[in-house]
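The values are calculated or read from the model by the stated rules, or taken from the named source; none is laboratory data. Because the structure is predicted, anything quoted here is derived from the model rather than measured. When we count neighbours, we look across all protein chains shown, and the Cβ atoms used for this are built from the backbone with ideal geometry, even at glycine.
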């Protein structure tokens, strides 16, 4: 099972979570650069 | 003899009081943030908040210390990682901030845009703090100039839905979005310790004990943090699906998982929360990195570092008094208080020689010492 997990995990290596729609304790607008 | 006992008790009491005072001192910087060069934090640490009102004066600096958190990156932007990375400076200067009427600091996006514009055609050094182990690093971002006729139109009407810094971007999109967020927000993570319900939601979703950390939840429901928040959310989602964002320290990646919470409102795993369960540093092994460069097939490069070894919190291992910063300022005041007391009346020369010896890190080789 752990080997299967490794293969699955490697698929996500270049993936970044998109937090723009999340509730946040940050303040001010989301700025794009 | 009675005087000695009395002084001994007094010294103990003083020591305990000092320790308690320091542990409650909100001005002590969290060990996780101490990798950031002090000059990058000066603008926030010397915030006019202190001067505004007494009520705000006791605000915990560790809760308010903020940076430009990366909340989204383009798939081609490899230098930054959303959730973990915060921009805390440009070219070793702090993020430009302005203060509102209440004395709170906010980023000066007009000035930040100007910095990017000024570096068109060059690289800009961006100072990054990462929540992975509380590490600090520099990234050099290439700023590519836009064609002059391709500049953004600056709207004369203020549009709330599309925030603008008011300054036209003269550079091509850098591929990331930021929001001014307290650094502490990235430590609200839940470490999977073990799976305790066979075929329960955690096990079915493939959560891996010790390696996995729940860093987020659908809609950002974990944003405010708290030891029982995850438990409360899971309980409230009984009989429903719940999307969790999970970081794996071995693969150094985040993945979304969907767990189906049963009628009992349990996830089926034990989690750890707090300083010892923060996300550890990722160390890259050079041999594996080289191998990765040769092979097109991606292999797991990072080698996980145990949180205990990656970061030893002074607050848990020892009283906060003997931290490096404090020991520099008040050298030998607190820890040596008892020794001084017992050494009272002894030959001072032997004590001085002993302290001189302790300052030497390692004895020099015999040949060198003879030549010196």
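Considering B:167, B:160, which residue is in contact with a helix residue (DSSP H, G or I) (Cβ under 7 Å, 6 or more places away or on another chain), surrounded by fewer than 20 Cβ atoms within 10 Å (Cβ to Cβ) and either under 30 Å from residue B:117 (Cβ atoms) or modelled with pLDDT of 95 or more (or both)?
B:167
Among the residues of segment B:204-245, count how many are surrounded by fewer than 17 Cβ atoms within 10 Å (Cβ to Cβ) and more than 15 Å from residue A:23 (Cβ to Cβ).
Selection size over segment B:204-245: 11.
Going residue by residue through segment B:196-211, is there one that turns out to be away from chain A (no Cβ under 12 Å) and assigned to a helix (DSSP H, G or I)?
Yes, segment B:196-211 has at least one match.
Being at pLDDT 85 or above and either surrounded by fewer than 15 Cβ atoms within 10 Å (Cβ to Cβ) or more than 19 Å from residue B:177 (Cα to Cα) (or both) narrows it down to one residue among B:155, B:145, B:130, B:47; which is it?
B:145
Counting only residues that are touching a residue at least 24 places away in the same chain (Cβ under 8 Å) and under 17 Å from residue B:173 (Cα atoms), how many does segment B:88-139 have?
Summing the residues that are touching a residue at least 24 places away in the same chain (Cβ under 8 Å) and under 17 Å from residue B:173 (Cα atoms) in segment B:88-139 gives 15.
With the checklist (1) within 18 Å of the chain's Cα centre (by Cα); (2) away from chain A (no Cβ under 11 Å); (3) closer than 24 Å to residue A:22 by Cβ in hand, flag the one item residue B:254 doesn't pass.
(2)
When segment B:172-195 is examined, which residues are found to be facing another protein chain (nearest Cβ under 8 Å) and not in a loop (DSSP other than H, G, I, E, B)?
Residues satisfying the conditions are B:176, B:177, B:178, B:179, B:180, B:181, B:182, B:185.
If I filter segment B:219-234 for residues that are within 20 Å of the chain's Cα centre (by Cα), within 15 Å of residue B:188 (Cβ to Cβ) and away from chain A (no Cβ under 14 Å), do I get at least one hit?
Checked against the condition, which is being within 20 Å of the chain's Cα centre (by Cα), within 15 Å of residue B:188 (Cβ to Cβ) and away from chain A (no Cβ under 14 Å), segment B:219-234 yields at least one hit.
I need the full set of residues from segment B:110-138 which are under 23 Å from the mean Cα position of the chain (by Cα) and either in a loop (DSSP other than H, G, I, E, B) or within 12 Å of chain A (Cβ to nearest Cβ) (or both), in order please.
B:112, B:124, B:126, B:131, B:132, B:133, B:134
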